[in-house]
Amino acid sequence: MTDKQPEKGTEKGKKKFKMPNTYVILFGVICFIAVLSWFVPGGAYDLNEAGDAIPGTFHLVESNPQGLWDVFLAPITGMLGSGAISGAISISLTILLFGSFLQMMDETGAVKTALKRITMKNQNNMHVLIGLLVCIMAFFGTLEGAYEEGIVYFLMFVPVILALGLDTVVAVMIVVLGTQAGCLASTVNPFATGIASGIAGISAGDGMGMRVLMLVVFTGLVIFIICRYADKIKAHPEKSVQFFRRDKDLIEFPVSENEDLTLSGRQKGALGIFILTFAIMIVGLVPWTSINPAWTFFEDAVAWIGMTPFLRELLGTNITPFGSWYFPELSMLVMIMTLATGIIMRYDADKIINTLIAGAAGLVSTAFVVPLARGIQVIMDGGQITPTILNMCESTLSALPPVAFVIVALICYFLIACLIPSSTGLAAATMGIMASLSQFAGVDVAIMVTIYCMALGLAKMISPTSIVVMTCTSAAHMSYGDWVKRAAPIVGFLFVVCCVFLCVAVVL
């Protein structure tokens, strides 16, 4: 044995550094910005008809230093909104109701059973199994930001992966790289794209075409990378860093025998609702008339309903057409689908409501991040230093050509994401500034949202603050250092591909 037990005396004397949680970081930033408001001069930009700042029109105004009252009121104002700042309550409500929907799906067991069936059915075809599992992980990542629950998927897949003669690293790669390839693209992920777009003042459907293409490309690249590694381990098991404990892994993660994986009719219905929910979400968020002005079919359908007396009375007169949906419509959708799933499963009213409340309760901490982070913007705007800071950035980063700007922005966002891996916290803490900065640089705001998603996905593949990395490697009894050696070249390669996408986007 090479491992040495630490001496008791030295163990007590050493204190391991622990990264502050998201709330501490964000409140610390609020306090820091409040202090800055006492030293940074106030400023303002002239605005155009759309209310956007006009580059080159910055001028100094009287500053408004923020005190303790302002600091403690900032998160409240961030939640409820003010005349100049929209409240985060609609975003937070969507997060809570989305938690209810996921809790209901977990209660049915439909999604987990379907995953196990797919795994067992394709256990004799290694490449097909890897491809299917990565696609499913990417699907969950891009639609609902699969992240913390990655350990559940790992434990589900690893017995079959080991039975194929592969190692636990393959299972870790499928879960971590698969989910984060989806998060990297985040087509309609409400916890990433939705929140970031809301803060940036654009629709979550803006830039979706590019993100869909990214999802296909990055998912394909991850499948190829994992299959190449799997082929090497299949041919030469001794090349695995986990080869030393293969016998122990086979004992710890045995393949289940005679497990009932039959989906009941009600579970099939719940699974159908799960798929339908995300399909409606995509259709509702895609800005159809922005893609093609002639695509007014959803507006025409709503107008037709308004002119049909029976439908107008039954459905109402204030229907939002697909393509114009935002957080209120998303909240309504997931609430209806949560209730519909409970009814299909024939749960009684008490169980449906209790499940809804339990799911929302599980995401209260996430929902509270948004108003706290928006409090940063409240303090900056209250102290009138936002334009001043933007002016400083305008004269530096925005002076870069668009191609150089997006690459530098991606690097900066990646570094910040390693410190703040929370999608909601990262978006709320930075997107207000970065969206404005991208406009000064002549870069579409939707591209900045995509940069944020890219950086977050890349950081969560390798950062020690990534929950999915640390939980999965721990369950696999794999050292973090070994994971970094395996993942670093992959993340570096995917970073280069991200840069190619961004360069093409700004050039076109």
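Points to keep in mind about this one:
- Distance between the modelled labels on I76 and C31, one decimal in nanometres: 2.0 nm (7 Å Cα→Cβ projection).
- Take the Cβ atoms of S479 and W304, set R0 to 45 Å, and the FRET efficiency comes out at 0.15.
- For the chain, the Cβ-based charge dipole about the Cα centre amounts to some 1600 debye (Lys, Arg positive; Asp, Glu negative; other atoms uncharged).
- The helix-based estimate of mean residue ellipticity at 222 nm for the chain, built from -39,500 (n - 2.57) per DSSP H run of four or more residues and divided by its residue count, is -22500 deg cm²/dmol to the nearest 500.
- Toward the positive end of the charge dipole of the chain, with +1 on the Cβ of Lys and Arg and -1 on the Cβ of Asp and Glu, the farthest Cα among A204, I282, A417 is that of A417.
- T296/R228 FRET efficiency (R0 60 Å; Cβ-Cβ; nearest 0.05): 0.80
- Using a cutoff of 8 angstrom between alpha carbon atoms and counting only pairs six or more residues apart, the relative contact order for the range 453-508 works out to 32 percent.
- Relative contact order (percent, whole number), the chain, Cα cutoff 8 Å, 6+ residue spacing: 25
- With one equal scatterer per alpha carbon and no solvent term, the Debye-computed log10 I(q)/I(0) for the range 105-149 at 0.18, 0.19 1/Å reads -0.59, -0.65.
- Debye, to nearest 20: dipole size of the range 226-360, +1 on Lys, Arg Cβ, -1 on Asp, Glu Cβ: 380
- Nearest-0.05 FRET efficiency for K239 and L68, computed from C-beta distance (R0 56 Å): 0.40
- Residue among S264, L155, L213 farthest towards the positive dipole end of the chain, charges placed on Cβ: L155
- Karplus-derived 3J(HN,Hα) values for the range 372-378, using 6.51 cos²θ - 1.76 cosθ + 1.60 with θ = phi - 60°, are 5, 5, 5, x, 4, 5, 4 Hz; glycine and proline are entered as x.
- Positive end of the dipole of the range 285-354 (Cβ unit charges, origin at the Cα centre): among P309, I319, V334, the Cα lying farthest that way belongs to V334.
- Footprinting exposure proxy for M120, M337 (fewest neighbouring C-beta atoms within 10 Å first): M120, M337
- Answer label for Cα extents along the principal axes in Å (calculated), chosen among (i) 74, 59, 38; (ii) 105, 73, 47; (iii) 72, 71, 47: (iii)
- Most tightly packed first, judged by the mean number of other beta-carbon atoms within 10 Å of their residues, the peptides 106-113, 486-493, 451-458 read 451-458, 106-113, 486-493.
- Debye intensity ratio I(q)/I(0), log10, the range 189-279, q values 0.12, 0.15, 0.19, 0.24 Å⁻¹ (C-alpha model): -0.83, -0.99, -1.00, -1.14
- Among the listed pairs K112/K232; K234/K485; K239/K460; K460/K485; K112/K239, a Cα-Cα separation exceeding 24 Å is found for K112/K232; K239/K460; K112/K239.
Taken together, the values in this text are just the output of simple stated rules run on the coordinates, not laboratory data. Nothing here was measured: the structure is a model prediction, and the numbers come from that model. Note that we place each Cβ from the backbone using ideal geometry, even for glycine, and neighbour counts take in every protein chain shown.
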